[in-house]
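**Q** Below is one structure. I have some questions about it.
The values are calculated or read from the model by the stated rules, or taken from the named source; none is laboratory data. Predicted, not measured: the structure shown is a model, and the values here were computed from it. Neighbour counts are summed over all protein chains in view; Cβ atoms, including those assigned to glycine, are modelled from backbone coordinates with ideal geometry. Surface accessibility is based on the protein's heavy atoms, side chains included, excluding ligands, DNA and RNA. Shrake-Rupley method; radii C 1.70, N 1.55, O 1.52, S 1.80 Å.
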Amino acid sequence: MTYLLALDQGTSSSRGIVFDERGHIVAQAQQELPQIYPRPGWVEHDPMEIWRTQLATAQQALRQAGIGAKDVRALGITNQRETTVLWNRRTGRPMHHAIVWQDRRSEPICATLREQGCAELVQRKTGLLIDAYFSGTKLQWLLDKVPGARAAAERGELAFGTVDCWLIWQLTGGRRHVTDVSNASRTMLFNVRSNQWDDELLELLRIPRVLMPEVLPSSSDFGRTAPELLGDSIAIGGVAGDQQSALFGQACFSAGMAKNTYGTGCFMLMHTGGSFQRSENGLLTTSAAQTSHAPEYAMEGSVFVGGAVVQWLRDGLRAISASSEVQALAESVPDSGGVMMVPAFTGLGAPYWKPEARGTITGLTRGTTLAHVARAALESIAYQSAALLQAMSRDAVAQGGSPVSELRVDGGACVNDLLMQFQADLLGIPVVRPAVVETTALGAAYLAGLSRGVYAGTAELAELWRAERRFLPTLAHDQAEALMARWEHAVAQATL
């Protein structure tokens with residue numbers, strides 16, 4: 001039997017998953033990752049905790065599978081993408097907590113760049129909008145605010161990386177400082193047309209080039225793990241940011257295919273092939289996971305607060321004691337009773353890009369109950385995702401393509417049948433849930449397997465993909481339009 005090990009380092013947890021070559025889960029382990037909130041709008045992780053929990057879950061998954069490292073053909077890594085780590089090359093110790101992708105502290109830097117008229121330059125080279133979401137301005141903040149960091153960086157003593165890069169450094173005992181194109185494309189420092197760090201952007205953000213890792217295709221030789229970590233050395237053969245990895249795991253290999261991942265946030269990607277397309281509807285152009293040096297692209301829309309709204313119901317409102325209870329609570333009422341929730345806890349992402357927006361609950365009456373609020377919270381995930389897909393379809397049509405005709409879904413919240421049915425009703429197209437919903441980790445395993453000859457190519461992987469359930473729309477088109485109009489009105493109220 002051929003085994004592949006995937007490390008899935010997410011925002012709220014680290015996981016290790018062992019797959020067989022057919023893409024079936026053999027064993028998995030998970031540990032929560034503590035969240036650090038130093039100030040409102042700031043979100044941090046301890047990089048050493050990221051490493052500790054990820055290594056522990058990898059070891060545990062191998063034990064549960066009853067196999068050793070020597071039985072694993074290759075290891076793949078997928079990760080929270082824009083989260084920024086800065087560390088000392090000699091000691092391997094971080095200079096500061098990792099600044100998480102949700103963190104908004106570098107918004108003043110972004111505002112200055114916009115005022116300087118840099119938006120066109122950034123979008124033309126990177127496909128991104130200037131926003132605190134991305135790594136570049138987080139890294140600039142670290143260099144400016146951590147005592148001695150900029151001077152040490154200029155002396156070549158420090159290394160920058162997204163979480164994949166940090167994990168590879170640790171796994172290889174500091175032998176490899178490397179990332180893949182999909183993660184590099186989320187930094188606002190990488191030219192996605194040439195697949196290289198861009199000197200003009202590095203200079204614009206005052207980032208010393210010596211900080212930057214080597215960039216490889218997503219299916220490549222990223223080095224080997226130090227033998228003492230997992231019991232033997234394993235080839236690291238695949239790396240991709242979580243959303244591009246999920247697109248790959250969903251077998252969306254050709255232009256026009258789209259997926260949505262329902263995690264802490266929601267992330268919708270549509271593959272656009274080898275053509276760089278700029279959105280006219282508030283979406284991003286990003287590098288897809290690449291199996292060669294030839295660029296491949298995707299259009300992306302990001303919802304900052306997706307499944308995190310359920311965590312808020314649990315931890316903030318204490319409306320539920322476990323996230324799994326939300327569906328039953330929401331289904332205890334026939335609808336939201338006119339309640340609309342816009343969970344803009346850290347601003348609004350695509351297609352709105354309103355960093356100043358804050359969460360609102362509107363439509364409250366004397367008859368409103370926690371169940372109505374829970375249903376509105378759940379439905380807000382679908383509303384935000386529907387706004388993304390509508391923007392994506394407008395871009396596709398403008399480029400001479402067709403609207404998205406089917407949405408493949410994955411992530412923790414996709415197991416919620418109520419949410420998936422409401423999503424199909426709003427979109428008016430089938431929403432398809434795969435047999436293996438862990439497509440983020442699966443994509444990393446597939447990329448690793450490709451690099452080590454387990455698979456002949458993407459055509460073989462496409463044949464492995466299977467649907468578990470198709471949710472077909474049941475709502476009339478005009479009713480869905482009326483609901484979306486109410487949503488847009490609620491968004492306007494959140495951004496006054």
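**Q** When ligands, DNA and RNA are left out and all protein chains stay put, how many square angstrom of accessible area per residue does region 285-374 have with a 1.4 Å probe?
**A** Normalised by residue count, the accessible surface of region 285-374 is 41 Å².
**Q** Please state the shape class of region 455-496: rounded when a/c is under 1.5, otherwise prolate if a/b exceeds b/c and oblate if not, all from the C-alpha gyration tensor.
**A** Judged from the Cα gyration tensor, region 455-496 comes out oblate (a/c at least 1.5, b/c at or above a/b).
**Q** On to the next question. Just how much of residue 477 is accessible, in Å², when a 1.4 Å probe is used and the result is rounded to the nearest 10?
**A** Surface accessible to solvent at residue 477 totals approximately 130 Å².
**Q** Another question, then. If you find the alpha carbon centre of region 161-189 and of region 364-390, how far apart are they in angstrom?
**A** Centre-to-centre distance over Cα atoms comes out at 37 Å.
**Q** Taking all protein chains as present, what is the carbon and sulfur share of the accessible area of region 326-440, in % to the nearest whole number, probe 1.4 Å?
**A** 55 percent
**Q** Further, regarding this structure: How much accessible area per residue does region 21-84 have, counting only protein heavy atoms and a probe of 1.4 Å, in square angstrom?
**A** Solvent-accessible surface per residue comes out at 44 Å².
**Q** Pick out, from 492, 383, 436, the residue whose Cα sits farthest towards the positive end of the charge dipole of region 358-496, with +1 on the Cβ of Lys and Arg and -1 on the Cβ of Asp and Glu.
**A** My answer, from the dipole projection, is 492.
**Q** Same structure, new question: Can you pull the accessible area of residue 48 for me, 1.4 Å probe, Å² to the nearest 10?
**A** Accessible area, nearest 10 Å²: 50 Å².
**Q** Right, something else. Carbon and sulfur: what percent of region 212-301's accessible surface (1.4 Å probe)? Mind showing how you got there, number by number?
**A** On the way: 1130 of 2290 Å².
It is 49 percent, rounded to a whole number.
**Q** Here is a follow-up. Peptides 256-269, 429-442: what's the order by average Cβ count within 10 Å, highest mean first?
**A** Highest to lowest by the protection proxy: 256-269, 429-442.
**Q** Follow-up question, since we're still on this one. What order do you get for 55-64, 398-407, 212-221, 182-191 when each peptide is scored by the mean count of other beta carbon atoms within 10 Å, highest first?
**A** For the peptides 55-64, 398-407, 212-221, 182-191, the packing ranking is 182-191, 212-221, 55-64, 398-407.
**Q** Using the Kyte-Doolittle scale, find the helices of the chain whose mean hydropathy is at least 0.0 and whose Cα atoms extend 30 Å or more along the helix's long axis, counting only whole DSSP H runs.
**A** What comes out of the filter, once short or polar helices are dropped, is 370-398.
**Q** Okay, moving on. If you put +1 on each Lys and Arg Cβ and -1 on each Asp and Glu Cβ, how big is the dipole of region 266-330 around its Cα centre, in Debye rounded to 20?
**A** Once rounded to the nearest 20, the dipole reads 140 debye.
**Q** Which whole-number value in Å² is the accessible area per residue of region 109-260, probe 1.4 Å?
**A** Accessible area per residue: 31 Å².
**Q** Could you check how much of the accessible area of region 1-63 is carbon and sulfur, as a whole percent, using a 1.4 Å probe? All intermediate terms of the calculation are to be shown ahead of the outcome.
**A** On the way: 1230 of 2640 Å².
Carbon plus sulfur share of accessible area: 47 percent.
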